[in-house]
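The values are calculated or read from the model by the stated rules, or taken from the named source; none is laboratory data. The shown structure was predicted, so the numbers you read here are calculated from the model rather than taken from an experiment. Positions of Cβ are backbone-derived with ideal geometry, glycine not excepted, and every protein chain shown enters the neighbour counts.
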């Protein structure tokens, strides 16, 4: 709509936004580009009734192995998402997920450090800001952990070794580029015990509130949040002329 | 009489005067969510007493009083909405009113009677309030929120003589005094306008909406659903088919653009997932029918989903089973 009316805006175009918003599509693009992302299957709910849920769930658990992460193919804030450590909990997780979307993404659960890397492009190509480490008190960064004060602590920059931090930053920039994003994004990753990053998803419109991750990263980079936003807005305005 | 800032301040005052941390409040299960909040803030424990289609079950009340006493705790009062109960919609019968009062009198238990809806009866007059039968031992709380305007925030307490002054002092400490402007507006309304006629209009509007809701439920709800049939007030309490969870179903329902209050909000102990409150006061009859049509669709989808994924052996299923066993099904008999 903004393009249709020649209104300049910060961020990627609608096509890329749609691609990034749909997690299975985004993961396919990432995989194609050689960027590590946990193995997954995406299944619309009506396939289960056709094939028999028990058989399909058994096959998923066999193929991907436990534990699993179940989440709606689209949507954010951790709503409808669940970690499944035991196959008997999988049906309930699927039902919970299908309350939010008609397609479920089931992926291999990768244990490790949750990090979010904000990527910004101030005119000299996409740059990764310092990774922010997320430590949910109960181990899972779900809806409650995101929005209840005190349930999560953050470390900015993340407690990563220099080499790992470099690999994580490069991976985030690669994901941003592979999805055709522009100006800014936030790449959510897991860094496993061996220091390897796995991209979970990419937000094209990262949160900007006082407690959001992008502002934390900006602060950790020693940048001024207002000046950064002014630069991004200025670039967007010039782009339309 | 003590004038308060709506029924909510009335409740808060009673809680402030009587409740110490750890005290027990007996209340219908389910009960008004705003009362649960007040009791929780006072660090009291709520013990729910089941209802059926005739309101609070006297035998269950006796049993609850005895159990609380046996556990060494002290019940301070019974909080009850005997007429067109929120959220269950049921009304305590004449015969049970006497029995409940007798039981409380014998146990030395105060009664806090919350009566916001008594004026909104559809089928003849509602039974007389508990307070009209026992002046001592019963606090009567009411409000103009449902008969004039909720935004006026004017309510009142009729208290036993001995504690009236305490309520006034507590209220002064809290708010000095309720808005004189709002009271003057209501006094003028009551003395110059045909408010009794207005009440009749409200009753007719709500009766038509209740009828529309009950008819739509009977026509459209999936098998296994049941609901109460209120004779006044604003609410119907629905019990879902076995296995459905009103809270888990909420996102699907929001997507279908129909809303309800999941039953869990009306219990202090987290039970009630198998129930929902339906409020028929605002939408006109045709929108009520459309809402029920959407809700039935959501429930059919959820049932189909549960069918596909089979018996859900996990914790969720056990919790639901537990909730169903604990929660009474008012009006099902």
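Numbers for the structure displayed
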item	result
Some residue of the range B:292-304 being without any contact (Cβ under 8 Å) to a residue 12 or more places away in the chain, surrounded by 18 or more Cβ atoms within 10 Å (Cβ to Cβ) and more than 12 Å from residue B:216 (Cα to Cα)	no
So residue A:68, is it touching a strand residue (DSSP E or B) at 6+ places or on another chain (Cβ under 6 Å) and not assigned by TED's automatic domain parsing to the domain that holds residue A:227	yes
Test set (1) in a loop (DSSP other than H, G, I, E, B); (2) modelled with pLDDT of 50 or more; (3) facing chain A (nearest Cβ under 9 Å) - residue B:281 fails condition number	(3)
Scan of the range A:59-78 for residues that are over 19 Å from residue A:27 (Cα atoms) and within 12 Å of chain B (Cβ to nearest Cβ), ordered by number	none
Residue A:151 crowded, with 21+ Cβ neighbours inside 10 Å and touching a strand residue (DSSP E or B) at 6+ places or on another chain (Cβ under 8 Å)	no
Residue match in the range B:244-257 (condition: within 18 Å of residue B:290 (Cα to Cα) and away from every other protein chain (no Cβ under 14 Å))	yes
Unique residue being without any contact (Cβ under 8 Å) to a residue 60 or more places away in the chain and more than 18 Å from residue B:91 (Cα to Cα) when the list is B:225, B:264	B:264
Hey, residue A:129 surrounded by fewer than 16 Cβ atoms within 10 Å (Cβ to Cβ) and touching a helix residue (DSSP H, G or I) at 6+ places or on another chain (Cβ under 6 Å) or not	no
Strands (runs of 3 or more DSSP E) fully within the range A:92-192 counting 3 or more residues that are more than 13 Å from the chain's Cα centre (by Cα)	A:103-108, A:113-121, A:126-128, A:132-136, A:152-155
Residue ranges of helices (runs of 4 or more DSSP H) in the range B:23-123 with at least 2 members over 17 Å from residue B:268 (Cβ atoms)	B:58-70, B:94-107
Residue within the range B:200-211 that is assigned to a loop (DSSP other than H, G, I, E, B) and either closer than 20 Å to residue B:90 by Cβ or within 14 Å of chain A (Cβ to nearest Cβ) (or both) present	no
